[in-house]
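For reference, the structure discussed in these notes is given below.
The values are calculated or read from the model by the stated rules, or taken from the named source; none is laboratory data. In this text the structure is predicted, and so the values were computed from the model without any measurement. A quick note on method: Cβ atoms are made from the backbone with ideal geometry, for glycine too, and the neighbour counts reach across all protein chains shown.
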Amino acid sequence: ELYQLMQSLKAAAQVSSGGRPKPQKPMEYQFTGDVFLEIFCNPNIYPSPFAAIVLITLRDDRIRLSTEAELTRVVEDVNLYLEQVS
């Protein structure tokens, strides 16, 4: 889903200056297991994938952590993790 979000942002950034970009659906990913993980990004408020920020929430029964991260950094970290576990 991160790859799809990057592609949506790139497509919106390539619209000519006279045109309006087509609104994109917000991206949301949720995982529920031992912990709850949610990643959210609204691609309509960022001019490019390099400026996009994702909101990340991680929680369990004892703690809740919410933070922001650059989309490009999240993609790099996920790719690095996938390389290490494969």
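General remarks:
- Residues of region 54-77 that are in contact with a Leu (Cβ under 7 Å, 6 or more places away or on another chain), at pLDDT below 95 and either in a strand (DSSP E or B) or among the acidic types (Asp, Glu) (or both): Val54 alone.
- Residue ID - surrounded by the fewest Cβ atoms within 10 Å (Cβ to Cβ), chosen from residues in region 24-36 that are hydrophobic (A, V, I, L, M, F, W, C) and either in contact (Cβ under 8 Å) with a residue 60 or more places away in the chain or not in a loop (DSSP other than H, G, I, E, B) (or both): Phe31
Table: residues versus (1) part of a loop (DSSP other than H, G, I, E, B); (2) at pLDDT below 90; (3) exposed (fewer than 15 other Cβ atoms within 10 Å of the Cβ).
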| residue | (1), (2), (3) |
| --- | --- |
| Lys22 | yes, yes, yes |
| Glu38 | no, no, no |
| Asn44 | no, yes, yes |
| Pro47 | yes, yes, yes |
| Asn79 | no, yes, yes |
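- Residue that is farthest from Val35 (Cα to Cα), among those in region 49-68 that are of a type outside the set (S, T, N, Q) and surrounded by fewer than 13 Cβ atoms within 10 Å (Cβ to Cβ): Glu68
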